[in-house]
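Notes follow once the structure below has been shown.
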Amino acid sequence: MVKTVDAIIIEDDSSSVALLKEYLKDFTYIKLLGEATNIKDAEFLIKNNPQVDLVFMDIDLNGTNALDLMKLIHHKTRIIFITAYPDFAVNAFEYNTIDYIVKPISRDRLKKATSRIATFENFDENDNKAKPTKHTSKFGYDNMVLMNIDDELKFIKIKDINFIEAKGNYTFVALNDGISFTTYGLIKLWEDKLPQDDFFRVHRSTIVNLHNVLKIERGNYDTGVLYLRGVEQPIEVSRNYFSIIKNKFKLTSTL
């Protein structure tokens, strides 16, 4: 049985707040404790409700990234993101996220999101509150993340990523099965979060899954050429990264 769920709203758009509060009247087990429209008020609200069960959160708060608030939120608190930016899912879903609703909010979509509350042990009547711990920032090789692919949110396994290529402020992600998609965010974000024993940056614009590397050959001027499973064209390995590869994996000087 689902207990009363204490919730807060962090959202800078007054019309979205009003609509969300109106829709939440349908869910009598959700008790709204407060709302915040900016980072400062959100910090105050979170600190005064340190073990709140559920947070409805917009990611962009007046131009400020609300994900910076995650370090203040209890590790067992669940999050429902409500935002106009679908491609932020790569960041959002390393946290205890129930759902990710892209605006405009609809009653049916909110109902679907809140119906997932019962599937989380955090809301069991017998749940004991635990002490907060730090959120992990690294993905594990067997982890799953939720991404926006062809306007649908889909789970992908980290180990199913074949390579990632920078496209300005976006990244092109190619999976082992041939599916590919483009998502918002610099390649540095992926580099910081992917497991270093499994993924390696071979160029300022390319990260590869080391498990899929077929061979590496020496190129011109101390660069390298890498052949990746499932990819017809070889991938350039820049001089600096080629040197790092040789040192990291103790390749011989004959390469």
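Residue count for region 219-229 satisfying the condition of being in contact (Cβ under 8 Å) with a residue 24 or more places away in the chain and surrounded by 14 or more Cβ atoms within 10 Å (Cβ to Cβ): 3.
Residues considered: T37, T83, T77. Of these, the only one that is more than 30 Å from L194 (Cβ to Cβ), in contact with a strand residue (DSSP E or B) (Cβ under 9 Å, 6 or more places away or on another chain) and either at pLDDT below 85 or polar (S, T, N, Q) (or both) is T37.
Taken over region 20-35, the residue count meeting the criterion of being surrounded by fewer than 18 Cβ atoms within 10 Å (Cβ to Cβ) and in a helix (DSSP H, G or I) is 4.
Residue by residue through region 121-163, note down the ones that are among the charged types (D, E, K, R), under 28 Å from D68 (Cβ atoms) and at pLDDT below 60. The answer is E121, D127, K129, K131, K134. Among the residues of region 155-186, just one is touching a residue at least 60 places away in the same chain (Cβ under 8 Å), within 17 Å of the chain's Cα centre (by Cα) and closer than 19 Å to N143 by Cα, namely T183.
Consider region 7-16 and keep the residues that are free of Cβ contacts under 8 Å to residues at least 60 places away in the same chain and within 17 Å of D99 (Cα to Cα). The one that is surrounded by the most Cβ atoms within 10 Å (Cβ to Cβ) is I10.
At pLDDT below 85 and of a type in the set (D, E): is that true of D99 in this structure? Against the criterion (at pLDDT below 85 and of a type in the set (D, E)), D99 qualifies. Any residue at all in region 36-58 that is surrounded by fewer than 20 Cβ atoms within 10 Å (Cβ to Cβ), among the hydroxyl-bearing types (S, T, Y) and not in a loop (DSSP other than H, G, I, E, B)? Looking for residues that are surrounded by fewer than 20 Cβ atoms within 10 Å (Cβ to Cβ), among the hydroxyl-bearing types (S, T, Y) and not in a loop (DSSP other than H, G, I, E, B), one finds none in region 36-58, hence no. A search for C-beta distances below 6 Å between a residue of region 17-32 that is in contact (Cβ under 8 Å) with a residue 40 or more places away in the chain and any residue that is in a helix (DSSP H, G or I) and not β-branched (V, I, T), counting only pairs 6+ apart in sequence or on different chains, returns Y23/R107; Y23/L110; I30/L24.
Consider I117 carefully, then state whether it is buried (at least 16 other Cβ atoms within 10 Å of the Cβ), modelled with pLDDT of 90 or more and of a type in the set (V, I, T). In short, no.
The values are calculated or read from the model by the stated rules, or taken from the named source; none is laboratory data. The structure displayed is predicted, hence computed values, not measured ones. Note that we place each Cβ from the backbone using ideal geometry, even for glycine, and neighbour counts take in every protein chain shown.
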